[in-house]
1. Pop out the carbon and sulfur fraction of the accessible area of segment 1-85 as a percent, whole number, probe 1.4 Å.
2. Near L21, within a Cβ-to-Cβ distance under 14 Å, what is the net charge of the other residues, with Lys and Arg +1 and Asp and Glu -1?
3. For A123, list long-range residues whose amide hydrogen, built 1.01 Å from N in the peptide plane, is under 5 Å from its own amide hydrogen.
4. For a paramagnetic label modelled at 7 Å from the Cα of R7 toward its Cβ, which residues of segment 135-154 fall within the zone defined by backbone nitrogen distances under 18 Å?
5. What is the extension gain from A59 to E95, computed as 0.36 nm multiplied by their sequence separation minus the C-alpha to C-alpha distance, in nm to one decimal?
6. Rounded to whole Hz and in sequence order, give me ³J(HN,Hα) for segment 190-195 from the Karplus expression 6.51 cos²θ - 1.76 cosθ + 1.60, θ = phi - 60°, writing x for Gly and Pro.
7. Quick check: net charge around R55, other residues with Cβ under 13 Å of its Cβ, Lys/Arg +1 and Asp/Glu -1?
8. Could you sort the peptides 90-101, 28-39, 7-18 by per-residue average Cβ neighbour count (10 Å cutoff), highest mean leading?
Amino acid sequence: MDLETFRALLTDEGQNLLAALQDVDPAEEPVTVADLRQKHPAALVSAAVEQVRLRRQAAAKFGTYAPRLYFTPDTVELSSHLAVSEYKLHRVLHEVGVVMIDAMSLGSGADAHVLSWSHFTDAIDADPLTVEIAAANRTGMDDPMLYVTCADVTAYDSQGEAVFIDLMRRVGPDGRHDPEAYDPPLSWALDRVRTTGAGWIRLAPGIPDEALPDLGQAHEAEWISYDGHIQEAVLWYGLYRPSIPARTPERKATLLPSGVSLTGRDLPEWAVRPVGRSCTHRTPPSSMRVWWPRSPSRSAAVSSTEEAPSSPPTSCATPPSPPRTRSRTCCPSPARR
């Protein structure tokens, strides 16, 4: 879909087409489309058909918001579940402590919209179609504090207290990610967030270790999954007060919707060895150590040299999941920085 066709969808004619197709049974769609092509431009009808199909696909991630939003095939594929964006908003509210955020290189745009529920968010992207889709989706996501700008993010004069950069991209022809081929490149994004002092970078979960030496000097690298499916990796900066000495970057795995997290720090690379007390499940570029505690109350990691138990526990206590309720009046004070 090009920019001109998208603008046509926003006209009364385009909106009428979307409304006419929204509730049509897929089995009856060919007949309805053939009838609509007799009365409307074929290109516009095709764009409306594609948009309705994308909305149906996006419902699994965006829920009741999907029928009111606009998508491209890439934004549907590369978006995480909306619960992931809400979880990150919860972390920003409680661990970053800023009011104004610059969202650069929008990607799917979901994170920028969710951020604007409680923060003044300036969304910047160099692609005019991406920017206009984000602007149109403000109504569907009810985003009174989202401001969109079409500009080169590498030359943009950022005024935010924190910066969010979406670098979720498709894999290359060889099935791997080349972060320096991204637009903007990963090296620029790392430098920008570190210079700002607070923010986070969204990445594909399979980004190779060699692309992130020392985890980009982030405070934390987090891999987030939803309903058993890995969604994305996030590099977090500015989670701790400046008075606290720099620490070795932490690795965290978070499971949604439960909100359970496993955190590892100062862990060496593990060599393959006989099965012992614990086992490692490798999900590049992160490692997760899993163990069977002798009792549900035992929650500390144990040495891999200990004897393995004969059977796993029948239950295990988990921490409560963070609330995912929307709040428009809880902007944290800049004093928390």
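1. That fraction is 53 percent.
2. Result for the neighbourhood of L21: -2.
3. Amide H neighbours of A123, under 5 Å, 5+ apart: A103, Y147, V148, T149.
4. Flagged as within label range: 135-137, 148-151.
5. In short, 10.0 nm is gained.
6. Along segment 190-195, the couplings run 4, 5, 5, 5, 5, 5 Hz.
7. +2
8. 90-101, 7-18, 28-39
The values are calculated or read from the model by the stated rules, or taken from the named source; none is laboratory data. For clarity, every value in this text was computed on a predicted model and none was experimentally measured. We place every Cβ from the backbone using ideal geometry, glycine too, and count neighbours over all the protein chains shown. Quick note on the areas: whole protein, heavy atoms, side chains included, nothing else; ligands and nucleic acids left out. Shrake-Rupley method; radii C 1.70, N 1.55, O 1.52, S 1.80 Å.
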